[in-house]
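Student: Please find one structure pasted underneath; my questions will follow.
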2 protein chains.
Amino acid sequence: MTTIFDAPEEFATTALAGFAALHGRFVRLVKGGVVRSTSVPEGKVAVIVGGGSGHYPAFAGYVGPGLADAAVAGDVFASPSTAAVARVCRKAHRGGGILLGFGNYAGDVLNFGVAAERLRAEGIDVRIVAVTDDVASAPAETVAKRRGVAGDLVIFKIAGAAAEAGLSLDEVERLARHANARTVSFGVAFDGCTLPGSAGPLFIVPRGKMALGLGIHGEPGISEETIVSAGDLATLLTQKLLPERPKDARKVGVILNGLGATKYEELFVLWTAISARLEQAGLEIVAPEAGEFVTSLDMQGCSLTLIFLDDELERYWTAACDTPVLRRGGAIATTPATDILAGEDGPATYPPADAEGQRGGACIARIFTEISVLLHEGEEELGRIDAVAGDGDHGQGMARGAAAALEAAKAASAAGAGTASVLAAAGDAWADRAGGTSGAIWGLLLRSWSNALSDDGAVDGRAVVKGARRALDSVMRLGGAKIGDKTLVDAFSPFVDALEKSFAESGSLATAWGHAASASKLAADATTQLTPKLGRARPLAERSLGHPDAGAVSLAMIAGCVATLLI
Amino acid sequence: MTTIFDAPEEFATTALAGFAALHGRFVRLVKGGVVRSTSVPEGKVAVIVGGGSGHYPAFAGYVGPGLADAAVAGDVFASPSTAAVARVCRKAHRGGGILLGFGNYAGDVLNFGVAAERLRAEGIDVRIVAVTDDVASAPAETVAKRRGVAGDLVIFKIAGAAAEAGLSLDEVERLARHANARTVSFGVAFDGCTLPGSAGPLFIVPRGKMALGLGIHGEPGISEETIVSAGDLATLLTQKLLPERPKDARKVGVILNGLGATKYEELFVLWTAISARLEQAGLEIVAPEAGEFVTSLDMQGCSLTLIFLDDELERYWTAACDTPVLRRGGAIATTPATDILAGEDGPATYPPADAEGQRGGACIARIFTEISVLLHEGEEELGRIDAVAGDGDHGQGMARGAAAALEAAKAASAAGAGTASVLAAAGDAWADRAGGTSGAIWGLLLRSWSNALSDDGAVDGRAVVKGARRALDSVMRLGGAKIGDKTLVDAFSPFVDALEKSFAESGSLATAWGHAASASKLAADATTQLTPKLGRARPLAERSLGHPDAGAVSLAMIAGCVATLLI
């Protein structure tokens, strides 16, 4: 049980604030994350990590000299928003470029990926490394599909040490990828975990059983077996990992990770058996750690992570670091940072716009008024549709995102912003406040669309059509969804096709939009009818992407709503 | 659930070995505990701590520069034996005397107290401080009856810092007592914990409820209430402690402690509310910690510990330390110790004895043969008696202790030891192997008795009678039990009275022993008949002392058995 909380929706942010208050020696709280409270040399590569909350010490506990420069924290088990990632990155960047590290989950890939694009547009060199250590989540042939679990810490440790040593961004990225290629994990769960405010656990492992390969958010494992002795568990865990040992590997760095309710003394007992197995396999154990490093609230269970070291990796694996959760070697001299408060968020500013552009901006704000009403009214129904194959929070997320977008659009319009800027502000607010993958997708969609528009002059139908194609391309590229994956792309793609075709024929945006809205509705209906058959059989990528069919319905609803405004 | 283990009875020792293997930078494993692996200056006061296992990081995780020099670890939730305490102390002593720190539980008071007496007899200056921070366990008027919980770490930290600063043993002891007088804790439990190998939890807290003031071994709390929000929990915890604030206190050191399954993020959420309450009370918070410091296996819950600082305490509370679990300030330069392996246990040696003394030693060994058979046969029945008011392991402990005593007595006798030495060896082995409070009591009883005897000449009846009185005095003084407390004293005291009286009248040890055995049997029977009425109503001291009536029965059985050998 997660038992101690006030408002469940504030659990993650309050926990982060409490952590930062206790660990002021290492970190300072910023909106959406923490950055080092100690001074960092100008030009040093910034290693910035993050992901959902509920995994402490991942990721805020990794911040300190020799490891991460900052950590971004999403809601419990939910990716941080694109805006949060970008904001924390801006605060931690010291001119040497940024390595963004996170576990390989669709929501994180999307939000960190889009944030990286935004930062690159601002002139910051950003590289991304999605950690893929969990061997249970995909076979060795499709390693890029694997999830990131406790290997996160290993890869971030290597990258952090390389950055601290003054290596270039190219080198830090190369080492992080090299470490990721030689790091593997396997976990078992004995019992589920409970989200703050939930009445029951997220999942259940039958008493006396253990779920092999279960993910840190309760993603299905590969099998359920009877709980075995510590000695047999050590055999099982090492046997899952040793087949991935590179031929040249003679040394191994190890993390034996507790998932939350499994205690340190149990890990120590298990360690005696695991170390014996690794030594039997002819491996020299280097700087092993046993404890809680990537937890899953109060989940019972543990995971074993191995990094097969070469000389280069060993140097950075054993290098000094000093963070709330991991400390290596001697002290690292630090001085408090003086410049963290610089660059705090001031009031938003917008590029100048002419009168026609400002009218376009006001029109965008009106459109969001209607969208917000529509999604507020449709919240329950969208939740119901989503609950068939997802976790039922799609309606809530869409309503919250639309409300935030409306607020931002109104504020931008009131401040005299033009069409493109109002739409961009709406998209950013949607991404920042809606949460989850669909929030990020909608934010990206609107922001990409706005890039085709202008702040000056009347709204141009051709630009709107061009923006639709850009938005679709962005969503497909960064969201990783194709047509037929049961996502909003299934409705958005026919929408864009019909919009382009009809606009080319009619030259009228209103006419074209009407046709496009019909096309998206037909596609959404077809998708929705498939929903009950999907169940747990959907492949991992789709499941992680969340709410596929409800997303298509949402898109068709919004397209239809906007059509009524244009006619 | 405690899920990961091999043989449950080896859980504590295997966990300690695994811990020591992982934390070789700080500790080295010795039999029964760990000592610092880094060199310690000659003449420094040694701060040595300990208690039962199942509380990691208490106590092995406290060992390192600026904190403890060594930790002694008993079985899960059981005091370490007298022999283990003495052994670890001898290894860690550097000529400057020893401060022994432990929580105030009858078993620990006894075993650490007896070990201190043994070490003093060897010329080592030893002081003992039993931590009494748990306000729920007794009112402020009887503070000496309070249990030790997470305040352990606070008091040990102060003492460790004082010792590291080079203070004398007098000063280290004074500061530890001063810290203990200004340290208070209160805890709540949301759910029980499960011992390794047990099918069910040690105790249950009803779903949705919290047990206020529950002890870290499941000792009953003061009430059960409905679980409240984090804000209200902060109010509850601080309101229990602030009334004990000394008038002069303006600053407070804090430990917010997780009991095992309550997660760090919950503690961070709670911390935001607790820190606000403390500041509202006009207290300045100094170097607070939130995390797992004294756990109770996988118990759900937390405790709040406050130390009301003055200038002197603040200096040592904030002083540098570097241990597996707590680190303060800058690095402390260390070098690996070179002398730890010196003084390993060699084969036992005994003082020389004459032929009559050796015959006396052989007689003692024969007596233990009979006692061992008797207790092996009586094991189940003694367990049954004990289960009425205790935890039912008395028979097991007595059988294991007697078997160990027999083995030691035979070995000593075979090596030519005399009466006193054989009995002393038997007592030490009993204490070391039986476990728990009754093991310590029996070891103390036999060891004290042996001190009245000699290794030379025939066994002297007067010396045996004198030894009985010594044994009774030791048990009452160090065990803290009086007549009527439903312990073995209720049978042993009439035994000694009758032995003295009858020996004075008859001059025959056999006759006197026969009368004494009858007197102890009558007393034991009277005690036993009261058992079912005791239940949970027995006061804390008795409960902690364990097995009261079964102990009286054991003593009477053994007295009767020996009587048959003497007649």
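The values are calculated or read from the model by the stated rules, or taken from the named source; none is laboratory data. Remember, it's a predicted structure, so these values are computed and weren't measured experimentally. Please note: Cβ atoms are built from the backbone with ideal geometry, for glycine as well, and neighbour counts cover all protein chains shown.
Student: With the checklist (1) modelled with pLDDT under 85; (2) over 22 Å from A:Thr262 (Cβ atoms) in hand, flag the one item B:Thr238 doesn't pass.
Tutor: (1)
Student: If you don't mind, another one. Looking only at region A:57-97, count how many residues are touching a residue at least 60 places away in the same chain (Cβ under 8 Å) and of a type outside the set (Ser, Thr, Tyr).
Tutor: Of all residues in region A:57-97, those touching a residue at least 60 places away in the same chain (Cβ under 8 Å) come to A:57-69, A:73-79, A:81-84, A:87, A:90-91, A:96-97.
Those left that are additionally of a type outside the set (Ser, Thr, Tyr): A:57-61, A:63-69, A:73-78, A:83-84, A:87, A:90-91, A:96-97.
Selection size over region A:57-97: 25.
Student: State which residue pairs qualify: first residue surrounded by fewer than 24 Cβ atoms within 10 Å (Cβ to Cβ) and inside region B:290-319, second residue polar (S, T, N, Q) and modelled with pLDDT of 95 or more in any location, beta carbons under 8 Å apart, and separation of 6 or more residues or different chains.
Tutor: If the second residue must be polar (S, T, N, Q) and modelled with pLDDT of 95 or more, the pairs left are B:Gly291/B:Asn257; B:Phe308/B:Thr183.
Student: Next up: From A:Ala71, A:Ala78, A:Ala58, which residue is closer than 19 Å to A:Arg118 by Cβ, in the same structural domain as A:Cys302 (by TED's automatic domain parsing) and under 22 Å from the mean Cα position of the chain (by Cα)? Working first, answer last.
Tutor: Numbers: A:Ala78 fails: closer than 19 Å to A:Arg118 by Cβ; A:Ala58 fails: closer than 19 Å to A:Arg118 by Cβ.
Exactly one residue qualifies, and that residue is A:Ala71.
Student: I'd like to check something: does region A:357-377 contain any residue that is touching an Asp or Glu at 6+ places or on another chain (Cβ under 6 Å), small (Gly, Ala, Ser) and farther than 24 Å from A:Val553 by Cβ?
Tutor: As a first pass, look at region A:357-377 and keep what is touching an Asp or Glu at 6+ places or on another chain (Cβ under 6 Å): A:357.
Applying the additional criterion that residues be small (Gly, Ala, Ser) yields A:357.
Now drop any that are not farther than 24 Å from A:Val553 by Cβ, which leaves A:357.
Taking every residue of region A:357-377 in turn, at least one turns out to be touching an Asp or Glu at 6+ places or on another chain (Cβ under 6 Å), small (Gly, Ala, Ser) and farther than 24 Å from A:Val553 by Cβ.
Student: If you scan region A:61-82, which residues turn out to be of a type in the set (Gly, Ala, Ser) and touching a Gly at 6+ places or on another chain (Cβ under 7 Å)?
Tutor: So the first thing to find is which residues in region A:61-82 are of a type in the set (Gly, Ala, Ser), and the list is A:61, A:64, A:66, A:68, A:70-71, A:73-74, A:78-79, A:81.
Across region A:61-82, the qualifying residues are A:Gly66, A:Ala68, A:Ala70, A:Ala71, A:Ala73, A:Gly74, A:Ala78, A:Ser79, A:Ser81.
Student: Now for a different question. Which of the residues belonging to region B:137-166 are over 27 Å from B:Gly435 (Cα atoms) and crowded, with 24+ Cβ neighbours inside 10 Å?
Tutor: Step one: of region B:137-166, the residues over 27 Å from B:Gly435 (Cα atoms) are B:139-143, B:154, B:157-166.
The answer is B:Val154, B:Lys157, B:Ile158, B:Ala159, B:Gly160, B:Ala161, B:Ala162, B:Ala163.
Student: Given the criterion in contact with an Asp or Glu (Cβ under 7 Å, 6 or more places away or on another chain), among the basic types (Lys, Arg) and more than 12 Å from chain A (Cβ to nearest Cβ), identify the matching residue among B:Lys247, B:Lys251, B:Lys240, B:Lys263. Write out each step before concluding.
Tutor: Details: B:Lys247 fails: in contact with an Asp or Glu (Cβ under 7 Å, 6 or more places away or on another chain); B:Lys240 fails: in contact with an Asp or Glu (Cβ under 7 Å, 6 or more places away or on another chain); B:Lys263 fails: more than 12 Å from chain A (Cβ to nearest Cβ).
That would be B:Lys251, the only listed residue that is in contact with an Asp or Glu (Cβ under 7 Å, 6 or more places away or on another chain), among the basic types (Lys, Arg) and more than 12 Å from chain A (Cβ to nearest Cβ).
Student: Give the residue that is farthest from B:Leu169 (Cα to Cα), with candidates limited to residues of region B:102-157 that are charged (D, E, K, R) and part of a helix (DSSP H, G or I). It would help to see each step written out before you state the result.
Tutor: Keep residues of region B:102-157 that are charged (D, E, K, R), which gives B:108, B:117-118, B:120, B:122, B:125, B:127, B:133-134, B:141, B:145-147, B:152, B:157.
Going one step further and asking which of them are part of a helix (DSSP H, G or I), we end up with B:108, B:117-118, B:120, B:141, B:145, B:152, B:157.
Numbers: B:Asp108: 21, B:Glu117: 16, B:Arg118: 18, B:Arg120: 14, B:Glu141: 28, B:Lys145: 25, B:Asp152: 19, B:Lys157: 15 Å.
Checking each candidate, the answer is B:Glu141.
Student: Also, I was wondering about something else. Quick check on region B:247-264. Is at least one of its residues of a type in the set (S, T, N, Q) and buried (at least 18 other Cβ atoms within 10 Å of the Cβ)?
Tutor: Initial filter on region B:247-264 (of a type in the set (S, T, N, Q)): B:257, B:262.
Then keep just the ones that are buried (at least 18 other Cβ atoms within 10 Å of the Cβ); that gives B:257, B:262.
Among the residues of region B:247-264, at least one is of a type in the set (S, T, N, Q) and buried (at least 18 other Cβ atoms within 10 Å of the Cβ), which makes the answer yes.
Student: Quick check, is B:Glu173 more than 13 Å from chain A (Cβ to nearest Cβ), among the acidic types (Asp, Glu), touching a residue at least 40 places away in the same chain (Cβ under 8 Å) and crowded, with 19+ Cβ neighbours inside 10 Å? Reasoning before the result, please.
Tutor: Numbers: more than 13 Å from chain A (Cβ to nearest Cβ): yes; among the acidic types (Asp, Glu): yes; touching a residue at least 40 places away in the same chain (Cβ under 8 Å): yes; crowded, with 19+ Cβ neighbours inside 10 Å: yes.
Yes, satisfied.
Student: Please find, within region B:266-303, the residue that is nearest to A:Thr194 (Cα to Cα) out of those that are assigned to a helix (DSSP H, G or I) and at the interface with chain A (Cβ under 7 Å from one of its Cβ atoms). Talk me through it step by step, then tell me what you get.
Tutor: First pass over region B:266-303, keeping only residues assigned to a helix (DSSP H, G or I): B:266-280.
Then drop every residue that is not at the interface with chain A (Cβ under 7 Å from one of its Cβ atoms), which leaves B:266, B:268-272, B:275.
On the way: B:Glu266: 12, B:Phe268: 17, B:Val269: 16, B:Leu270: 18, B:Trp271: 21, B:Thr272: 22, B:Ser275: 26 Å.
So the residue we want is B:Glu266.
Student: Out of the residues in region B:304-340 that are acidic (Asp, Glu) and under 28 Å from A:Ile332 (Cβ atoms), which is farthest from the other protein chains (Cβ to nearest Cβ)? Steps first, please.
Tutor: Residues of region B:304-340 that are acidic (Asp, Glu), as a first pass: B:310-312, B:314, B:322, B:339.
Filter again for under 28 Å from A:Ile332 (Cβ atoms), leaving B:314, B:322.
Working: B:Glu314: 17, B:Asp322: 9 Å.
If we take residues in region B:304-340 being acidic (Asp, Glu) and under 28 Å from A:Ile332 (Cβ atoms), then B:Glu314 is farthest from the other protein chains (Cβ to nearest Cβ).
Student: Being more than 7 Å from every other protein chain (Cβ to nearest Cβ), buried (at least 19 other Cβ atoms within 10 Å of the Cβ) and in contact (Cβ under 8 Å) with a residue 60 or more places away in the chain is the filter here; which residues of region B:1-36 pass it?
Tutor: B:Ala12, B:His23, B:Phe26, B:Val27, B:Arg28, B:Val30, B:Val35, B:Arg36
Student: Among the residues of region A:474-508, which ones are hydrophobic (A, V, I, L, M, F, W, C) and over 25 Å from A:Asp108 (Cβ atoms)? Step through it out loud before you land on a result.
Tutor: To start, the set of residues in region A:474-508 that are hydrophobic (A, V, I, L, M, F, W, C) comprises A:475-476, A:478, A:481, A:483, A:488-489, A:491-492, A:495-496, A:498-499, A:503-504.
Those that are hydrophobic (A, V, I, L, M, F, W, C) and over 25 Å from A:Asp108 (Cβ atoms): A:Phe495, A:Val496, A:Ala498, A:Leu499, A:Phe503, A:Ala504.
Student: Among the listed residues B:Glu42, B:Glu9, identify the single one that is assigned to a helix (DSSP H, G or I) and at pLDDT below 95. Quick ask: steps written out before the conclusion?
Tutor: Values: B:Glu42 fails: assigned to a helix (DSSP H, G or I).
On inspection, the qualifying residue turns out to be B:Glu9.
Student: Within the group B:Pro201, B:Pro220, B:Pro206, which residue is modelled with pLDDT under 90 and either part of a strand (DSSP E or B) or within 14 Å of chain A (Cβ to nearest Cβ) (or both)? Give the steps one after another, and end with the answer.
Tutor: Working: B:Pro220 fails: either part of a strand (DSSP E or B) or within 14 Å of chain A (Cβ to nearest Cβ) (or both); B:Pro206 fails: modelled with pLDDT under 90.
Of the residues listed, the single one that is modelled with pLDDT under 90 and either part of a strand (DSSP E or B) or within 14 Å of chain A (Cβ to nearest Cβ) (or both) is B:Pro201.
Student: Would you confirm, using the coordinates I've provided, whether A:Ser448 is at pLDDT below 95, over 29 Å from the mean Cα position of the chain (by Cα) and under 30 Å from A:Ala387 (Cβ atoms)?
Tutor: On the way: at pLDDT below 95: yes; over 29 Å from the mean Cα position of the chain (by Cα): no; under 30 Å from A:Ala387 (Cβ atoms): yes.
No.
Student: Is it the case, given these coordinates, that A:Thr419 is among the β-branched types (Val, Ile, Thr), touching a helix residue (DSSP H, G or I) at 6+ places or on another chain (Cβ under 9 Å) and either at pLDDT below 90 or surrounded by fewer than 24 Cβ atoms within 10 Å (Cβ to Cβ) (or both)?
Tutor: Working: among the β-branched types (Val, Ile, Thr): yes; touching a helix residue (DSSP H, G or I) at 6+ places or on another chain (Cβ under 9 Å): yes; either at pLDDT below 90 or surrounded by fewer than 24 Cβ atoms within 10 Å (Cβ to Cβ) (or both): no.
Against the criterion (among the β-branched types (Val, Ile, Thr), touching a helix residue (DSSP H, G or I) at 6+ places or on another chain (Cβ under 9 Å) and either at pLDDT below 90 or surrounded by fewer than 24 Cβ atoms within 10 Å (Cβ to Cβ) (or both)), A:Thr419 does not qualify.
Student: Check A:Val172, A:Val126, A:Val109 and return the single one that is within 20 Å of A:Gly215 (Cα to Cα) and of a type in the set (A, V, I, L, M). Steps first, answer last, please.
Tutor: Values: A:Val172 fails: within 20 Å of A:Gly215 (Cα to Cα); A:Val126 fails: within 20 Å of A:Gly215 (Cα to Cα).
On inspection, the qualifying residue turns out to be A:Val109.
Student: So A:Ala58 fits all but one of (1) under 19 Å from A:Leu195 (Cβ atoms); (2) touching a Phe, Trp or Tyr at 6+ places or on another chain (Cβ under 9 Å); (3) within 10 Å of another protein chain (Cβ to nearest Cβ); what number is the exception?
Tutor: (3)
Student: Of all residues in region B:101-124, which are surrounded by fewer than 22 Cβ atoms within 10 Å (Cβ to Cβ), in contact with a strand residue (DSSP E or B) (Cβ under 7 Å, 6 or more places away or on another chain) and touching a residue at least 24 places away in the same chain (Cβ under 8 Å)?
Tutor: Answer for region B:101-124, where residues must be surrounded by fewer than 22 Cβ atoms within 10 Å (Cβ to Cβ), in contact with a strand residue (DSSP E or B) (Cβ under 7 Å, 6 or more places away or on another chain) and touching a residue at least 24 places away in the same chain (Cβ under 8 Å): B:Leu119, B:Ile124.
Student: Further question: I need a count of the residues in region A:471-496 that are surrounded by fewer than 17 Cβ atoms within 10 Å (Cβ to Cβ) and assigned to a helix (DSSP H, G or I). Full working, then the answer.
Tutor: First, the residues of region A:471-496 that are surrounded by fewer than 17 Cβ atoms within 10 Å (Cβ to Cβ): A:473, A:477, A:482-484.
Restricting the remaining residues to those that are assigned to a helix (DSSP H, G or I) gives A:473, A:477.
Qualifying residue count for the region: 2.
Student: Kindly indicate the residue of region B:223-232 that is away from chain A (no Cβ under 12 Å) and acidic (Asp, Glu) and also farthest from B:Ala106 (Cα to Cα) among those meeting that condition.
Tutor: That would be B:Glu225.
Student: Here is a check on your reading of the model: is B:Ala179 buried (at least 16 other Cβ atoms within 10 Å of the Cβ), at pLDDT 95 or above and more than 22 Å from B:Ala106 (Cβ to Cβ)?
Tutor: On the way: buried (at least 16 other Cβ atoms within 10 Å of the Cβ): yes; at pLDDT 95 or above: yes; more than 22 Å from B:Ala106 (Cβ to Cβ): yes.
Criteria met by B:Ala179.
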